[in-house]
Each structure stands twice: as C-alpha cells, then as structure tokens.
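In what follows, a single structure is set out as structure tokens and then discussed.
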Amino acid sequence: MNSKQSYRITTEDDGLYVKEVLQRKMQFSSRLIRQLKLVDNSLCLDGEPCRLRDRVSEGQELTCEFPEETSYFEPEDIPLDVRYEDDDLLIINKQPFLIVHPTNNYQEHTLANAVTYYMQQKNETYKLRFVNRLDRDTSGLIIVAKNSHAQDFLSRSDITKKYIAIVHGVLDKDGTINEPLAKDPNHVARRMVMPDGQPSITHYHLIDKLDNYSMLELRLETGRTHQIRAHMTHLCHVLVGDDLYGSPAFPDVFPRQALHSYYLEFTHPCTNKTIKIETEIPEDMKNLWNTLKNLQN
C-alpha cells in the first residue's frame, strides 16, 4: 500500500527548495528524505515529478508518495478491535494475554501476526511500526504507523497516554510520582526506583476506592518500561494481580495485572488534527472491581 501526503505552497514558502518544504513544513525526517531521493517520481509538484533542489511557487501542490514497504510475519486469524484507521495509522484496542511483537520465546500468536492477517483481508501491504508497546497482560490502545513519516513524527511528539489501574491499598488524594527508574539488579525483568535511573514521571488520580483497594487513572509524562507497575510498587500500592511485583496471585478471579491503556491523544502526523481515542474499562476489570466490592461487604 502506497500512501501519500500533500502540501499546498503558501506565500511564506514561495521560493523555497522542495527539500526545505519537506523539512520545515511537512516535518519529514532526514532519513525519509534520503529514501525519497532514491525513488523515481516519489515527489511531484502539481502532478509533475520534481527534485529536492527544485524551487516551489505559491499555490503549487507538493505531493509525496511514500515508498512501499512490507513486514514478514505469518498471518493469523486473531480477533482485532480496531478503534481508528486511515492511510497513515491503525489504532487497536489490544486484548490481554497477547504479545505485541514476536520474540525469541513467542514466534507466533502475537499482535503482529494478527495485524498481518487483517492487512491480507483488506488487500493492503505496509511495514508494521508499533509506536507504543504494552505488556502481554496489559490491555488497551496501541498505535501502528503505516509509514516511516507517521512513526518518526509520533516518536517526536507528545502523546497523552492515560491508563486505568486497580491497586492494593487506599490512596486518599491525587499525586505525582517523579522517581527515576532502572533495571532491578536482582531480577531480569523488573524495574525499580534507583538514583541513577532514567527520569520517569507518573501522575495519578483517584477514581474510586474500597476498604483495601483503589481504582486509579494514571497519566504518563514519560514512557519507561513497566513505569506504572514499578512506580505504584514504589508507593507500596502494587497493581492487583501483578505477581511480578509482589501482588498475591488471583488466578481464578483475575489472572493478569489490573492495567488498561484507555486513552490516547496526539496530533495526526499528516493532517495536524488532534486525534482522541478512548475505550471503556474492559469487562474483566469491571468484574474484578465488583468482586472486590462484594468481598468487603
């Protein structure tokens, strides 16, 4: 699938080189511009092929056709909850227990395999670029960029990410955790607060509380591995079901950590419009909260 982006030359742009318009106005990365230079007819002014060193005039339309790329994953018919799609982006509400990308231990049954099958059904082809990642047992919204410009743009952008979590203990007020995170030297998978870690900021807001549990909305200002899980553990409010960080296991009631990515807000890489995507709390977390309510009665 070849996607395009167009830009109408303004009075301010008159006389600029095509390369300057791509960099300043369309915010293309240097890497993408180098790729476009190597592909015939990928850049056009008013429908006619042009070069990076050509000058533009007010009123002209500069069109860029992104190079066609592919990924090599085996397609698998795994259900997908698609919440948004256009020529540049695909946003999926990922179900829990699904790895995002194949790893040494998981070569199949991943979100990448599912999206490959979805592409086949639509007769489309593009390289899979996951803009954000979620742990296997975390549910919620994931952005797939369909071209390198969309990925580059969003990787440089501020994306508002909000989560719903159920944690042990009661928090009586909202707050912010501003503590650096690093790998736990005593565990291969965990992260923990350490002075020499990466800057990490998590804002939390109390939605509801029970005698021994709280439901929180969490907004990430940074995006570190296990950031919410490690920060809440640091506060002694570990996520319910998060046995990696010390929560008692709930295998029959809730066999995962109680964490859902429910909200994304960002600027679209090609239209510059604000995109807001919100999902409901998943049924298993609703049922967990109701179960915990019944336990306190």
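Quick note: the coordinates plus some simple rules give every number you see, no bench work behind them. Everything numeric in this text was worked out from a predicted model, so none of it was measured. Don't worry about glycine lacking a Cβ; one is built from the backbone with ideal geometry, like all the others, and counts go over all protein chains shown.
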log₁₀ of I(q)/I(0) at q = 0.13 Å⁻¹ - the chain, Debye sum with one point per alpha carbon
-0.97
Based on DSSP H runs of at least 4 residues, each adding -39500 (n - 2.57), what is the mean residue ellipticity at 222 nm of the chain after dividing by all its residues, to the nearest 500 deg cm²/dmol?
-5500 deg cm²/dmol
For region 37-88, calculate the relative contact order in percent as a whole number, restricting contacts to Cα pairs under 8 Å that are 6 or more residues apart.
31 percent
Part-to-part distance (alpha-carbon centres) for region 72-86 and region 1-65, which is given in Å
32 Å
Just want to confirm a number: the relative contact order over the chain, from Cα pairs under 8 angstrom separated by 6+ residues, in percent.
14 percent
Packing-ranked peptide list from 3-13, 92-102, 227-237, highest mean Cβ count within 10 angstrom first, is 227-237, 92-102, 3-13
Farthest toward positive dipole pole in the chain [+1 Lys/Arg, -1 Asp/Glu at C-beta], among 227, 182, 248:
182
Using +1 on the beta carbon of Lys and Arg, -1 on that of Asp and Glu, and nothing else charged, what's the dipole of the chain about the Cα centre, debye to 20?
680 debye
Gain on full stretching of the segment that runs from residue 58 to residue 203 - 0.36 nm per residue minus C-alpha separation:
47.6 nm
Loop-located chymotrypsin sites (Phe, Trp or Tyr not before Pro) in region 54-95 whose Cβ has at most 11 other Cβ within 10 Å (DSSP)
72
Region 1-74: translational diffusion in µm²/s, Stokes-Einstein, Kirkwood Rh over Cα pairs, 37 °C, 0.692 mPa s
259 µm²/s
